[in-house]
Every structure is written in structure tokens, then in C-alpha cells.
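Any read-out appearing in this document is the output of simple, stated calculations on the displayed coordinates, not a laboratory observation. Source: prediction; values computed, not measured.
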Amino acid sequence: MGNAALLHRYGFTEIDNPYDIINIDLALVTKWCSSKYSRRYSRARVSVWRNLGYSGCTSQDAEYFEISYDGEPQLELLVLLYIMSLNSDAYDKLVCVSHDLIGDNGVDIISSVVKVVSVASSNQHSEINGLGKLPDVKKLLLSESVCSALVSLADMRESLYGSNTLEDDKKRLQECSSISERNLYHSLVLRVSDENSTSQNEETCI
């Protein structure tokens with residue numbers, strides 16, 4: 001269980017929690033896309049992504065994506081960024097056949113992603129259809145454009161913390177008392193865990 005859930009449910013956090021995750025709000029993704037392209041572009045790409053049967057996690061009317069402690073992005077986020085990064089020809093091609101890719105309940109998400117990439121890819125990779133493992137499919141989606149988008153999202157999310165660096169927060173955490181400064185302590189644990197995951201996410205594309 002992640003630190004945010006531990007704190008909310010049980011009132012404590014764990015440093016270096018291997019089950020910790022960070023959330024990337026869909027709103028942040030659309031904000032990035034709108035700033036890079038346009039709002040209309042962003043809405044259209046999200047619409048196609050939804051029409052293909054994808055969605056993020058939901059909580060209290062908010063939609064978000066999870067990134068694991070070791071920096072692994074949720075597959076649905078990678079698919080969305082992949083669709084957002086497609087050039088107009090590949091995107092139009094995907095839109096034209098998207099109806100044929102919808103509603104196949106017997107197809108698992110890995111097979112679904114393989115179909116999307118097969119349609120949108122300008123190069124017909126013979127090995128695509130043989131992919132059956134999640135790590136392999138994620139690598140398939142990690143194009144240069146998708147990696148660049150992940151780094152931009154990480155930077156946008158990190159900017160929410162202000163000017164403090166990860167090392168600054170680690171130092172403050174070491175000097176903070178979990179007893180007399182309980183609220184600050186748990187806040188710093190969350191921030192350090194969050195920033196560690198963000199850094200790992202950036203390294204995924206290096």
C-alpha cells in the first residue's frame with residue numbers, strides 16, 4: 001500500500017516504501033497537450049483514446065494514472081501519450097479503423113495495445129504480433145515523443161513543490177522529528193517518495 005493510503009487510513013508512512021505510487025492527473029496530461037498543441041487537439045486525442053476503451057483510475061470524480069515507486073508508468077497513460085504524439089497521417093489512419101478496434105471484450109489490454117500500434121505504426125514490425133508481456137508492450141510505446149512527454153509531465157508535477165530540490169527535502173526529513181513534528185514529517189515522506197518516483201520515471205526513458 002502506498003504512503004498516501006497508509007497515512008489516510010492508518011496515520012503513518014514508511015520511508016522507502018516499495019509499494020508507493022504517485023498519481024498523474026488526467027487534467028495535467030491534457031494541460032501539457034493543450035500547451036504543446038491546442039485544446040482542440042487534446043480533446044480529440046483523448047476522445048479517440050476513450051473510444052478505444054481506455055480510461056484511467058478514478059477517485060472522487062478525478063481521473064488519474066499511477067506511476068510505481070520504480071518509475072513504471074501505467075499502461076493506459078503510455079497509450080494516451082502515444083496517441084497524442086502520433087503525426088496526423090498515423091492519427092487519421094487510427095481514427096478510420098478505430099471502430100473495428102472497439103468493443104472486443106475477449107481481447108486483453110496487451111493485445112489491444114498491440115493492435116493500436118500495428119495500425120498506427122508507419123513501419124510494419126513483424127515482431128509486434130508476437131508480443132505478449134506487459135514490459136515488452138510498454139517498450140513498444142516508449143517512442144522518443146512519449147519519453148519526452150513523460151519528462152515534461154514529471155517536470156510539471158515537480159514544479160508544484162516549489163523551488164526545493166529532492167536533496168533539500170531529504171535533508172529536512174533527516175532533521176525532522178516524527179513525534180514532535182508529525183505533520184511535517186509525514187508530509188516530507190510523501191514528498192521524497194513522490195520525487196523519487198518522478199526521478200525514476202525520467203530515467204525510464206534514458
*State the Kirkwood hydrodynamic radius of region 32-121 in Å, one decimal place, computed from all pairs of distinct Cα atoms.*
13.9 Å
*How long is region 17-66 along each principal axis, judged by its Cα atoms, biggest number first, in Å?*
39, 24, 19
*From the backbone phi of region 85-96, what are the Karplus-calculated ³J(HN,Hα) couplings (6.51 cos²θ - 1.76 cosθ + 1.60, θ = phi - 60°) in whole Hz, Gly and Pro given as x?*
8, 5, 6, 4, 5, 5, 5, 4, 5, 5, 4, 4
*Qualifying lysines (Cα of each under 26 Å from Cα of residue 138; at least 8 residues distant if same chain)*: 31, 36, 93, 115
*asked:* Under the rule of at least 5 residues apart or a separate chain, name every residue whose amide H is placed under 5 Å from the amide H of residue 25.
replied: 65
_Estimated vicinal HN-Hα couplings, Hz - region 54-67 in sequence order (Karplus 6.51, -1.76, 1.60; Gly, Pro = x)_ = 9, 7, x, 7, 10, 7, 6, 6, 10, 10, 8, 10, 9, 10
